[in-house]
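Values in this text are rule-based calculations from the coordinates and carry no lab data. As the structure is a computational prediction, the values presented were derived from the model and not from experiment. Here the Cβ is made from the backbone with ideal geometry for all residues, glycine too, and neighbour counts use every protein chain on show.
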Amino acid sequence: MLVTQRRTLLALLAATTAVAGLMAGAPFAEGQPPNHHPANHQSAGTQSSNPQRVAAWAPSMTIGGPNFNNQTIRMVAHSSIDGSALRIHLSNLRSTIPLTVGAVTIAEQADRATAVAGSQHTVTFAGTTSVTIAAGAELASDPVSMSVKADQNVLVSIYLPHATSSATWHSDAFDTTYLSNPGDHTADTADGNYIASTTSWYYLSGLDVISPDANGTVVAFGDSITDGYNTPAGAYHRWPDDLARRLAGTQPMGVVDAGLGGNRVLTDEPNIWQGIAATKRFAHDALGQPGVKDVILLEGVNDIGNNTGPNGGPLTAQDLINGYQNLIQQAHAAGVRLIGGTILPDKGAGYYSDSAEATRQTVNNWIRTSGAFDGVVDFEKAVADPADPAALNPAFDSGDHLHPNEAGMQALANAVDLSLLK
């Protein structure tokens, strides 16, 4: 997408000892599916073999977040499905030094940073309450004896006792994260010690559950359209949220939003917090999710709009098609179905040109007619202006002619034929 605002309160964080500078230019670790590459995914115990353990929430993580020292971070995770035996995932995948976590709790959210009294649980890792995660590694907690409902928020509080560097983070959470006074405030029920806020997630990369009714996990994989750009913070009106609500009434599935603002299919985004190419992160961010059965792909507008081909030259439609075929091969090798989504119209946005529109139309025609995907969602048709199909329907336009508003997000979710999800 057009360069996404980072939306962090850096000056306020510095005042509370939370932030040193951002560390630019550190190398990316190319993610792999944790289930396929256990050497890069530390386990806090025996991995559950229950086929009904599904991902309830799991943002994609990148490099370049702020630094913390002797501070507690309280984050909101919004569950997509009913479940119990909750596990959280901590990620140091994109960081350059080991991460020491002093304490972690999880609780039901009452309001903002306030937890529901009596709902707080201590989170352990192989039976211990503190742990050090190596640079480039991730960690799943022990199951927590707690239940969660679909569309419910939980608060995950992480105490970081030592100085960190270049946090593994998700910059544009479109949710509120709370930052404490110095010290361990993971056990606080009230929010008095949480004195600052930001709209990013740090180190917290997943929540999975045991669900007796689940039909697996579906991953919505994409860029800032999927990430929820221009939707209100804390509203949970991204199209994957709307899809989860549709599924809850008929065929419950865990839904993961693996959107990442600015992300491209073929090339890395120069703004490091917007991530490595989809072809590199797909194995980890999509295929590595617990219980994954289906992935819905909506990505490519950033490749077209930036005219960035894979070898430094201009982009061709065939380049983008080759990238999709790479993702299809990765998915099928993992036994996962990949459903292709057509690229949305963007006339009036800075990305638009006649040549870019011709590329978009060629690529969308291939998505619809090639038979390469395991199914197709015609997102373009769902939100195009009937009077000018190269543009978003004004009723669905957030104002930048590129990102749908809340009604547009619902239209995208409604375009998914639920029978495609097996």
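A few points about this structure:
- The length gained by stretching the chain between Ala196 and Gln152 to full extension, at 0.36 nm per residue less their Cα-Cα distance, is 13.5 nm.
- Which of Ala173, Ile158, Gly83, positive extreme of dipole for segment 63-190 (C-beta unit charges): Ile158
- Between Ala235 and Thr96, the simple spin-label model (points 7 angstrom out along Cα→Cβ) gives 3.8 nm.
- Antiparallel DSSP beta bridges within the chain, as percent of all bridges there, nearest 5: 70
- One Cα centroid belongs to segment 289-310, the other to segment 334-409; the line between them spans 12 Å.
- With R₀ fixed at 51 Å, the C-beta to C-beta distance from Ser370 to Ser145 puts the FRET efficiency at about 0.60.
- Spin-label model, Ala126/Ala187: points 7 Å from Cα along the beta carbon direction are separated by 2.5 nm.
- Segment 105-220: C-alpha gyration tensor shape, a/c 1.5 cut-off, then a/b vs b/c: rounded
- Other residues lying with their Cβ under 12 Å from the Cβ of Val336 contribute a combined charge of +1, Lys and Arg counting +1, Asp and Glu -1.
- Taking the Cα centre of segment 191-245 as reference, the dipole from Cβ charges on Lys and Arg (+1) and Asp and Glu (-1) amounts to some 60 debye.
- In order along segment 73-87, the phi-based Karplus estimate (6.51 cos²θ - 1.76 cosθ + 1.60, θ = phi - 60°) of 3J(HN,Hα) comes to 10, 10, 10, 9, 10, 9, 6, 9, 7, 5, x, 9, 6, 5, 10 Hz; Gly and Pro are listed as x.
- Rg over Rh [alpha-carbon atoms, Kirkwood Rh] for segment 213-420: 0.93
- One chain, two ends: Lys381 and Gln329. Fully extended at 0.36 nm per residue, the span grows by 16.1 nm beyond their Cα-Cα distance.
- Percent breakdown of C-alpha pair distances by 10 Å bin, ordered from the shortest bin, for segment 274-386: 14, 45, 34, 7, 0
- Computed over the chain: relative contact order in percent, which uses C-alpha pairs under 8 Å that are six or more apart: 18
- In a reduced charge model with +1 at each Lys and Arg Cβ and -1 at each Asp and Glu Cβ, segment 213-420 shows a dipole moment near 460 debye about its Cα centre.
- Considering only Val376, Ala387, Ala358, the residue lying farthest towards the positive end of the dipole of segment 357-403 is Val376, judged by Cα position with unit charges set on Cβ.
- Calculated FRET efficiency for the pair Ala407/Ser353, C-beta based, R₀ 22 Å, to 0.05: 0.20
- Where labels lie 7 Å past Cα in the beta-carbon direction, separation of Leu418 and Thr362 in nm: 3.9
- Per-pair calculated FRET efficiency, R0 = 56 Å: Ala395 and Asn69 via Cβ, rounded to 0.05: 0.75
- For segment 211-253, the square roots of the Cα gyration tensor eigenvalues, ordered a ≥ b ≥ c, give a/c of at least 1.5 with a/b greater than b/c, which places it in the prolate category.
- Note on the chain: GNM, Cα springs under 10 Å; of Ala220, Ala58, Ala372, the largest mean-square fluctuation is that of Ala372.
- The slack between Asn311 and Ala163, meaning 0.36 nm per residue of separation minus the straight C-alpha distance, is 49.4 nm.
- Dipole of the chain [Lys/Arg +1, Asp/Glu -1 at C-beta], most positive-end residue of Val295, Val104, Ala117: Val104
- Around the Cα centre of the chain, unit charges on the Cβ atoms of Lys, Arg, Asp and Glu (plus for the first two, minus for the last two) sum to a dipole of about 700 debye.
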